[in-house]
Amino acid sequence: MAKKKTIRTIPQERTPMREQNAQARAKNFEEVACGYNLEEALRESERCLMCPDQPCVSGCPVSINIPGFIQKINEKNLRGAYDILTDTNLLPSICGRVCPQENQCEGVCTVGESLEAVAIGRMERFVGDTAIKEGWVNIPYIEPNRFRVGIVGSGPAGMACAADMAKAGCDVTVYEAFHQAGGVLKYGIPDFRLPNEVIDAEINNLKKLGVKFECNTLVGRLFTIEQMIDEMGFHAVFIGVGAGYPTMLNIPGDSSNGVLSANELLTRCNLMRARDFPNFDTPLPIGKRVAVVGAGNTAMDATRVSLRLGAEKVYCVYRRSRTEAPARAEEVHHAEQEGVEFHWLTAPVAVLDDGKGNVRGMRCVRMELGEPDDSGRRRPVPVAGSEFDFETDLIVYAIGTNANPIMGQTSKLKLNKWGYIGADDNLATSVAGVFAGGDIVTGAATVIQAMGAGRKAARSMKAYLGIRDPGLPYISAEGAGTLFGIDARERNFARVRIA
Amino acid sequence: MKANAMSNFEIVTREDFSDVTYLLEVRHPLMAKAAKPGQFVIVMLNEHGERIPLTIADFDRKKGTITLVIQAVGKTTRQMQAECKVGTKLYGMVGPMGIPTHIAKAKKVVCVGGGLGVAPVFPQARGYKEAGAYVIGVLGFRNKDLVFWEDKFRAVCDELILCTNDGSVGMKGFVTDGIKVALAGHNDIDEVVAIGPPVMMKACADATRAAKIKTMVSVNPIMVDGTGMCGGCRVKVGDQVKFACVDGPDFDGHLVDFDDLMVRLSRYTKVEKEAHERWSESCRMTKQVGAAALDALARGHVQQAELLELPDPLDDAPGG
Ligand SMILES: Cc1cc2nc3c(=O)[nH]c(=O)nc-3n(C[C@H](O)[C@H](O)[C@H](O)COP(=O)(O)OP(=O)(O)OC[C@H]3O[C@@H](n4cnc5c(N)ncnc54)[C@H](O)[C@@H]3O)c2cc1C
Ligand SMILES: Cc1cc2nc3c(=O)[nH]c(=O)nc-3n(C[C@H](O)[C@H](O)[C@H](O)COP(=O)(O)OP(=O)(O)OC[C@H]3O[C@@H](n4cnc5c(N)ncnc54)[C@H](O)[C@@H]3O)c2cc1C
Ligand code: SF4
Ligand code: FES
């Protein structure tokens, strides 16, 4: 190995990522961040110190071997980097784009203590995109077993669980209520942040593993979870239906025309392609001014979609301050660049209508930060007498979601007190053979957490079915070499317990 | 039950009741098994289409089909009227959605259907009949020519009151007049079920309020997903906000805020009209060009290839 790198010898500046110009991109749906090329990725890989204690790995919800894959990039062995990434993360080009890295791996990176952290997410995306371009898939040696697994919901949780069970040799079917698979990745996160081609590429990889997709299928109503086990011949079922059910503010005027949830706005625009109206049939009139309430990723997406749909002025109203905003830092930054006007420490108190039921404006009150609350964030309290009105044509609520009620309505699954599906540490539910994970168990979280949950549930499912979790014993320290003539990369072969 | 017996949404029967009302029977064996009165489906005609909610007007578990009765009111429903022939397929149909009607142990019920609500109230009437209730049907049509399914209703109703605006058949008047007749004839009615346009359901709820007869209505707000994910279908019921697709679509008619519902239904009127005009325009142009081209061909003036170059009326569509 070359001379040991130190914080002084590495490139001091984080390699910037090329972006579409802010004025131009605020009018189109092309991807904002263009991604690294090989040179940029190589340069950034130089910045990693290969810390022996690997803080970044413990910062990652699925413990990706981060220095390992960066090392491979550094050796220009992109296929090797891809193999290491996909050992733990099935969707690198998606996670590289949408993970809140600043709170995870990059937040604890050693380099970040004195310089800007290593751009782990951008390198991950680079490797994932290269794999899509090159058509790489790690299709392991799969020995089919007799088990049939049903997956409900095709979001990241369902996709991850489906992949692992297919690799273990099971016959896997994914059921999705919408006419297209992908969950929030498809209907929520807009193209300029996560292009559909990327999602479709990942879904195609699943199909290559033998996973079957059945869209237009509302599980619970078309058939129940119990029927899947009792009548349809599934040996195990995973539920990853997401949270979904949007919260409304419950302030006067909420039901006026022109008040809608971010989910409705985004679904109309992304999945139903209202942005191509009238070429596509679903309408989405947006008006001149749009006010978005909230400051999470969903809110940022809503503001930026509104700009692209032609709104002249887009406000973002949030009752806490910028530091508390739950969105990825990059998204807030991008929204700001594109001209979204932020009103921090401002809370809506009423929707004003024009007397005919249409939104005319919004009444807000200024807030100040008081004592910390349960979440450790300082609680915002209204400033007396600070009400003010402003004009807007559309009001979008992006203030969180609740559990979707359909599973609870149609099955005997135990729910927790907030209506989410109750699951133990192994993600097993109260019904034998039925597992659940992702937003429907934890409440709205992140893509990587949902994916991690899908994989965890897959492990429990394999244990439940008596499929020996393949793996570690067969892999040598370097992660290379063959055993009994089987490539170590193909270590996912399954042995079925002789029942 | 076979898991992968998913449907390809083929249309097996089509029947036209009038210029604006038509019936489609779609093959979907799994859904036919699961469907219950009061539930609905969401249909997409093609890849570019809107997701539109339609009530399951009937289901045949043996044949494995779902019946929809549709009124052509706008772009999608008119396009379906033009394009859905026997043997063609829908792009998608998902369901059954919504909480099934609670067929209570009522002894005597009135099932009211008006306009696009006539067909949807049928499975409920049949459900009550099968549960052993005495069923009084009240159906409203504009005139004699628009009447359909009279025999189907007669088969499940103990009494049937037909109302037409002009009195060309049955009694002259609205369904609310029909309800009055039913109430006058029976003083032991347990429940009224009313389905139709919001104005009609509102009037029905008002008609039974004084007598405090439980009145269930099936609301029809604008929907997108139908799975509780967008909140577009929210309605005010008493002092609560409910999502019609997962909490309904049946609610207590005495509590539903119909004025709010009607205002919300007008939300997209302007753009809907635009979409429809564009579509009609494009149909007309296709026809004209088609005729002109055939004409030209007959005279041997044009090459075959040119025929394919119909102008695309959506070419200059302003994106978003
Ligand atoms: C607008 C938006 C932006 C976001 N941005 C980010 C981000 O930048 N970074 C990040 O990490 N996270 C982000 N998130 C959060 C992240 O997307 C979610 O935490 C994650 O997608 C949850 O995955 P899931 O698999 O649990 O559920 P989902 O992705 O919600 O998928 C559930 C799927 O199940 C289907 N379904 C529901 N009910 C049924 C049923 N009865 N039968 C069949 N199918 C059903 C749904 O249609 C859906 O397709 C964002 C969320 C939103 C809404
Ligand atoms: C639960 C439910 C069940 C329904 N069942 C039936 C049915 O069995 N048969 C039937 O013919 N129609 C039914 N509808 C109404 C049907 O969905 C609408 O007529 C259809 O969406 C109109 O689409 P369009 O593109 O043809 O018209 P558009 O051009 O979109 O609209 C034309 C007119 O219809 C109104 N409209 C638009 N969307 C809806 C809607 N979702 N509900 C009611 N009115 C709407 C608009 O206000 C407008 O004035 C039902 C609606 C719901 C919510
Ligand atoms: S913490 Fe940062 S520098 Fe250290 S190994 Fe991880 S990515 Fe490299
Ligand atoms: S239609 Fe979207 S929540 Fe009911």
Item to check | The listed residue being at the interface with chain B (Cβ under 7 Å from one of its Cβ atoms), out of contact with any helix residue (DSSP H, G or I) (no Cβ under 6 Å at 6 or more places or on another chain) and more than 16 Å from ligand 4 (Cβ to nearest atom), out of A:213, A:280 | outcome: A:280
Checklist entry - Quick one: would you say residue B:140 is among the small types (Gly, Ala, Ser), within 16 Å of ligand 1 (Cβ to nearest atom) and either in contact with a Phe, Trp or Tyr (Cβ under 7 Å, 6 or more places away or on another chain) or more than 14 Å from every other protein chain (Cβ to nearest Cβ) (or both)? => result no
Checklist entry - Could you say whether any residue in segment B:16-37 is in contact with a His (Cβ under 9 Å, 6 or more places away or on another chain) and surrounded by fewer than 22 Cβ atoms within 10 Å (Cβ to Cβ)? => result no
Checklist entry - Of these, B:225, B:247, which one is farther than 22 Å from residue B:72 by Cα and either more than 10 Å from chain A (Cβ to nearest Cβ) or within 16 Å of ligand 4 (Cβ to nearest atom) (or both)? => result B:247
Checklist entry - For segment B:91-111, how many residues meet the condition of being over 22 Å from residue B:247 (Cα atoms), modelled with pLDDT of 85 or more and touching a Gly at 6+ places or on another chain (Cβ under 9 Å)? => result 3
Checklist entry - In the list A:121, A:128, A:112, which residue meets the criterion of being in a helix (DSSP H, G or I), more than 29 Å from residue A:186 (Cα to Cα) and away from ligand 2 (no atom under 16 Å from the Cβ)? => result A:112
Item to check | Residue list for segment B:20-53, restricted to those being among the aliphatic types (A, V, I, L, M), away from ligand 4 (no atom under 16 Å from the Cβ), closer than 23 Å to residue A:272 by Cβ and within 9 Å of chain A (Cβ to nearest Cβ) | outcome: B:31, B:45
Checklist entry - Do any strands (runs of 3 or more DSSP E) lying entirely in segment A:357-408 carry at least 2 residues that are surrounded by fewer than 17 Cβ atoms within 10 Å (Cβ to Cβ) and in contact with a strand residue (DSSP E or B) (Cβ under 7 Å, 6 or more places away or on another chain), and which ones are they? => result A:359-372, A:378-382, A:388-391
Checklist outcome for this item: Scanning segment B:203-243 residue by residue, those in a strand (DSSP E or B), more than 13 Å from ligand 2 (Cβ to nearest atom) and touching a residue at least 24 places away in the same chain (Cβ under 8 Å) turn out to be B:214, B:215, B:216, B:236
Next on the checklist: Looking at A:270, A:250, A:257, A:263 in this structure, which one is within 16 Å of ligand 2 (Cβ to nearest atom) and at pLDDT 80 or above?
Outcome noted: A:257
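Conditions tested, residue by residue: (1) surrounded by 20 or more Cβ atoms within 10 Å (Cβ to Cβ); (2) more than 20 Å from residue B:276 (Cα to Cα).
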residue	(1), (2)
B:59	yes, yes
B:67	yes, yes
B:72	no, no
B:88	no, yes
Item to check | Pair list, Cβ < 7 Å and 6+ apart or interchain, from segment A:256-275 residues that are within 9 Å of chain B (Cβ to nearest Cβ) to residues that are surrounded by fewer than 24 Cβ atoms within 10 Å (Cβ to Cβ) and of a type in the set (S, T, N, Q) | outcome: A:256/A:358; A:257/A:358; A:258/A:358; A:271/A:180
Next on the checklist: Looking at A:14, A:25, A:97 in this structure, which one is among the basic types (Lys, Arg), within 13 Å of ligand 3 (Cβ to nearest atom) and surrounded by 14 or more Cβ atoms within 10 Å (Cβ to Cβ)?
Outcome noted: A:14
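The values are calculated or read from the model by the stated rules, or taken from the named source; none is laboratory data. Predicted model only: the values in this text are computed from it and were never measured. Methodologically, a virtual Cβ is constructed for each residue, glycine included, from the backbone with ideal geometry; neighbour enumeration extends over all protein chains shown.
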